[in-house]
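Everything on this sheet refers to the single structure shown next.
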Amino acid sequence: MAAMTSSSTRVIPTTGAIPRHVAIIMDGNGRWARQRLLPRIAGHRRGSETVRKLVQQATQLGVEYLTLFAFSSENWRRPPEEVGMLMQLFVTNLENEIQRMHAAKIRLRIIGDQAPLGLRLQTLIADAHQLTQNNTGLTLTVAVNYGGRWDILQAVNRLLREHPEKQHSTIQELDLQSYLSMGEAPEPDLFIRTGGEQRISNFLLWQLAYTELYFTDTLWPDFDAKSFQQAIESYQKRERRFGRTGDQC
Ligand code: IPE
Ligand code: IPE
Ligand code: MG
């Protein structure tokens with residue numbers, strides 16, 4: 001388990017290395033479906049296939065943490081039918097995949113505000129966490145009803161609840177670290193967004209501070225092994241400086 005002292009903002013990873021932590025906004029399912037005159041949910045279903053393949057590839061490449069944005073706190077603004085179908089798809093995928101993931105030694109984490117998710121999903125998530133918590137392979141984190149602002153606020157509020165004495169002192173970055181949703185993981189090295197938009201959409205706001213950003217027009221259902229390889233190759237060419245000069249690195 002990575003200690004937080006190995007956070008990317010403290011230790012500079014070697015140029016050319018495989019990113020330890022990859023975070024992805026999986027965007028473009030709806031447009032993929034529309035191009036084929038299919039309902040949007042067909043794009044989401046096809047997107048789940050991409051996830052399955054990508055998890056395998058990430059494991060083979062030696063990526064330690066893969067974090068996927070599946071449903072944002074703003075996605076509730078979509079038509080209720082689409083929201084309902086996305087939740088159902090999430091339940092089905094979790095039910096169908098959890099044993100296979102466990103066998104592959106994947107440690108599954110779901111982050112986000114679970115309160116509005118419904119009892120069935122909450123129970124499935126709790127069971128999945130319990131089943132896979134001691135696994136030593138890839139840590140797969142799926143963000144569901146997640147928002148970066150929510151994450152920072154819930155961390156501050158929890159910290160203050162558990163340490164009322166801090167109300168009158170100055171909170172430091174490290175105080176907050178363990179209360180953030182990804183507190184125990186190193187910060188993402190590589191961020192990928194598919195689907196052509198170049199924005200963060202309230203994903204990991206705190207954690208992406210020094211992450212390398214990669215945007216591609218490829219729609220999520222079309223994002224294949226070659227696309228992932230290209231993103232990693234782009235990352236491997238970059239010199240990360242974290243505020244230092246190029247000569248220091
Ligand atoms: C991403 O694909 C999946 C979710 C946000 C749930 P979209 O559904 O946003 O696809 P586009 O952007 O409409 O193509
Ligand atoms: C971001 O995609 C959220 C997920 C992929 C889950 P959206 O398609 O919802 O993003 P915006 O709203 O267009 O920025
Ligand atoms: Mg979208």
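The values are calculated or read from the model by the stated rules, or taken from the named source; none is laboratory data. These numbers come from a predicted model, not from an experiment. For neighbour counting, all protein chains shown are included, and Cβ atoms are generated from backbone atoms with ideal geometry for every residue, glycine included. Keep in mind that these areas ignore ligands, DNA and RNA; they rest on the heavy atoms of the full protein, side chains included. Shrake-Rupley method; radii C 1.70, N 1.55, O 1.52, S 1.80 Å.
Expected output is a single nm value to one decimal: the length gained when fully extending between GLN35 and LEU131, i.e. 0.36 nm times separation in residues minus the C-alpha distance. What is it?
Details: separation 96, 0.36 × 96 = 34.56 nm, distance 3.92 nm.
Length gained between GLN35 and LEU131: 30.6 nm.
Averaging over every viewing direction, what projected area does the convex hull of the Cα atoms of segment 51-109 cover, in nm²? Present the calculation step by step, with values, prior to reporting the outcome.
Working: hull surface 18.2 nm².
Result: 4.5 nm².
Measuring from label point to label point, each 7 Å out along Cα→Cβ, what is the ASN93 to GLU74 span in nm?
Output for this residue pair reads 2.0 nm.
Calculate how large, on average over all directions, the projected area of the Cα convex hull of segment 122-196 is; give the answer in nm² to one decimal. If you can, show how the numbers build up before the last one.
Values: hull surface 29.6 nm².
Its Cα hull, projected and averaged over all orientations, spans 7.4 nm².
Quick one: how many Å² of TRP150 are accessible to a 1.4 Å probe, rounded to 10?
The value for TRP150 is about 80 Å².
At 1.4 Å probe size, with no ligands or nucleic acids counted, give the accessible surface of LEU61 in Å², nearest ten.
50 Å²
In the Gaussian network model of the chain, springs joining C-alpha atoms below 10 Å, which of GLN60, GLN167, GLN207 carries the largest mean-square fluctuation?
GLN167
Would you calculate a helix-derived [θ] at 222 nm for the chain, using -39,500 (n - 2.57) for each DSSP H run of n ≥ 4 and dividing by the full residue count, to the nearest 500?
Numbers: 7 runs with 99 residues, N = 249.
Value at 222 nm, helices only, nearest 500: -13000 deg cm²/dmol.
Springs between alpha-carbon pairs under 10 angstrom, Gaussian network model over the chain: which of LEU190, LEU153, LEU208 fluctuates most?
Greatest mean-square fluctuation among the candidates belongs to LEU153.
Using 1/(1 + (r/R0)^6) with R0 = 30 angstrom and r between the beta carbons of ASN157 and ILE12, what's the FRET efficiency to the nearest 0.05? Please list the in-between numbers first.
Values: r = 33 Å, r/R0 = 1.09.
Rounded to the nearest 0.05, the efficiency is 0.35.
Mean separation of Cα pairs under 8 Å and 6+ residues apart, divided by the residue count of the chain: what relative contact order is that in percent? Write out the running numbers ahead of the final one.
Numbers: 383 pairs, mean separation 80.1, N = 249.
Normalised by residue count, the contact order of the chain is 32 percent.
Can you give the charge dipole size of the chain about its Cα centre, rounded to the nearest 20 debye, using +1 on the beta carbon of Lys and Arg and -1 on the beta carbon of Asp and Glu?
On the way: 29 positive and 26 negative charges, 89 e Å.
Roughly 420 debye for the chain.
Just how large is the dipole of segment 97-163 about the Cα centre, in debye to the nearest 20, putting +1 at every Lys and Arg Cβ and -1 at every Asp and Glu Cβ?
Numbers: 8 positive and 5 negative charges, 20 e Å.
Value, rounded to 20: 100 debye.
Let me understand segment 21-238 better: what is its radius of gyration from the alpha carbons, and its Dmax, in angstrom?
In Å, with Rg to one decimal and Dmax whole: 17.4, 58.
Over the chain, with a Gaussian network built from C-alpha contacts below 10 Å, which listed residue (ALA42, ALA115, ALA209) shows the highest mean-square fluctuation?
ALA115
Would you mind calculating the gained length between GLN248 and GLN230 on full extension (0.36 nm times residue separation, minus the Cα-Cα distance), in nm to one decimal?
3.7 nm
Take peptides 135-143, 22-30, 194-202 and line them up by average Cβ neighbours within 10 Å, highest first, as a rough protection proxy. Before the final figure, lay out the partial values.
On the way: 135-143: 20.1, 22-30: 23.9, 194-202: 15.0.
Ranked by mean Cβ neighbours within 10 Å, highest first: 22-30, 135-143, 194-202.
Once you put a point 7 Å from the Cα of GLU165 and another 7 Å from the Cα of GLU81, both along the Cβ direction, what distance in nm separates them?
Spacing of the two 7 Å Cα→Cβ label points: 5.8 nm.
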